Amino acid sequence: MNKPLLATLRGAKPSVPPMWLMRQAGRYLPEYRALRAEKGGFLALATDPAAAAEVTLQPIRRFGFDGAILFSDILMVPWALGQDLTFGPGEGPRLSPPLVDAALNALQRVPERLEPVYGTCERVAAALPPETTFLGFAGSPWTVATYMVAGAGSKDQHETRGFAYTDEGAFQAIVDAIVAMTIEYLARQIAAGVEAVQLFDSWAGSLSPAQFERWVIAPNAAIVAGLRARCPDAIIIGFPKGAGGKLPAYARETGVDAIGLDETVDPVWANDVLPAGLPVQGNLDPLALLAGGRVLEDGIDRVLSAFVDRPHVFNLGHGIGQFTPIAHVERLVLRVRGKG
């Protein structure tokens, strides 16, 4: 069966790079906004397998991307670890109790909260076109821990970085719990039909080099090893946003099959310093896609030319913005595929 995205993640180099976009199933699509309004909120939508499968499939129907990314959230794991998860109107997600004030061992784990996600996976796997790769995902331990400790997102992860310095043992226990739950979570996604998974470390760039080694590289390496013990053929993409000059070490030491690059990374530099033959993913600036026109055209061309001799999955450097015009996404697809 011809699946260009899956083949590229395994090291093939097709003449036209396969593509998908982070947050491609989301608020820029009117069909998504309508369904979310009908369900009454994000968590209700994400825990309804029929609705979440529909959201996952919407951008495939509209744009024909080579990959479908599971519709869910990185905070499903802390929810399964026993924290309460809410998505208030006009604000980001919140977890309670925040672990800066409460102990991890006081939480009552509720792994059955993840069952609807596996139901979504089964529905999507049964409905996707045969050439489309199904991507699952989870948050990486450092990023997930920043929300668990502080109870919400923050600009510089100040509380969590401080906690990791002042109470290393307690923070290590949080990371270890995330690692164990994440291995189980991803293995179950794969058993339900997912063909490759991505580890999102959205706040990896906030750490010092030594802390990056301990809280980004080591836990992600543990997930890769643990998942491969459960699923020997697992294909794993690592996305350490903001890692910059630490990307080569991440690529070498975690064991991921492919590495996602954020928009701040020079693609020419990345191609020069990353291990030969390692597939890369990215890294168009989402704001270039929002802007459109010559900015978009030039951005696409720079990314494509940088990785012409390496297995490459075209993607953004982070998630697609809420106000991105659909016409710009259509233009992106044509340009990447050499049709316009």
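The values are calculated or read from the model by the stated rules, or taken from the named source; none is laboratory data. Note that this is a predicted model, so its numbers are computed, not measured. Virtual Cβ from ideal backbone geometry, glycine too; neighbours counted across all protein chains shown. The area values use the complete protein model at the heavy-atom level, side chains included, leaving out ligands, DNA and RNA. Shrake-Rupley method; radii C 1.70, N 1.55, O 1.52, S 1.80 Å.
Brief remarks follow.
- Residue among LEU70, LEU21, LEU9 that is modelled with pLDDT of 95 or more, touching a Cys at 6+ places or on another chain (Cβ under 8 Å) and of a type outside the set (Lys, Arg): LEU70
- Number of the exception - ALA180 against (1) open to solvent by 10 Å² or more (accessible area, probe 1.4 Å); (2) more than 20 Å from the chain's Cα centre (by Cα); (3) aliphatic (A, V, I, L, M): (2)
- Flag for ILE223 being open to solvent by 10 Å² or more (accessible area, probe 1.4 Å) and touching a helix residue (DSSP H, G or I) at 6+ places or on another chain (Cβ under 8 Å): no
- Residues that are part of a loop (DSSP other than H, G, I, E, B) and farther than 24 Å from VAL273 by Cα, drawn from segment 296-336: GLY319, ILE320, GLY321, GLN322, PHE323, THR324, PRO325
- Pick from segment 108-118, criterion under 27 Å from GLY238 (Cβ atoms) and touching a residue at least 24 places away in the same chain (Cβ under 8 Å), ranking: most open to solvent (accessible area, probe 1.4 Å): ARG109
- The set of residues in segment 15-32 that are within 14 Å of the chain's Cα centre (by Cα) and either polar (S, T, N, Q) or not in a loop (DSSP other than H, G, I, E, B) (or both) contains only GLN24.
- Hits in segment 281-295 (condition: in contact with a strand residue (DSSP E or B) (Cβ under 7 Å, 6 or more places away or on another chain) and either within 15 Å of ALA327 (Cβ to Cβ) or assigned to a helix (DSSP H, G or I) (or both)): PRO286, LEU289
- Test: ALA258 is touching a residue at least 12 places away in the same chain (Cβ under 8 Å), under 30 Å from LEU128 (Cα atoms) and touching a helix residue (DSSP H, G or I) at 6+ places or on another chain (Cβ under 7 Å): yes
- Candidate set from segment 127-162 (those that are polar (S, T, N, Q) and over 14 Å from ASP73 (Cα atoms)); member that is modelled with the lowest pLDDT: SER154
- Flag set for GLU131, criterion: in a loop (DSSP other than H, G, I, E, B) and open to solvent by 20 Å² or more (accessible area, probe 1.4 Å).
- Number of residues in segment 156-174 that are within 15 Å of LEU207 (Cα to Cα), open to solvent by less than 10 Å² (accessible area, probe 1.4 Å) and not polar (S, T, N, Q) equals 2.
- Taken over segment 43-66, the residue count meeting the criterion of being assigned to a helix (DSSP H, G or I), open to solvent by less than 40 Å² (accessible area, probe 1.4 Å), in contact with a helix residue (DSSP H, G or I) (Cβ under 7 Å, 6 or more places away or on another chain) and of a type outside the set (A, V, I, L, M) is 4.
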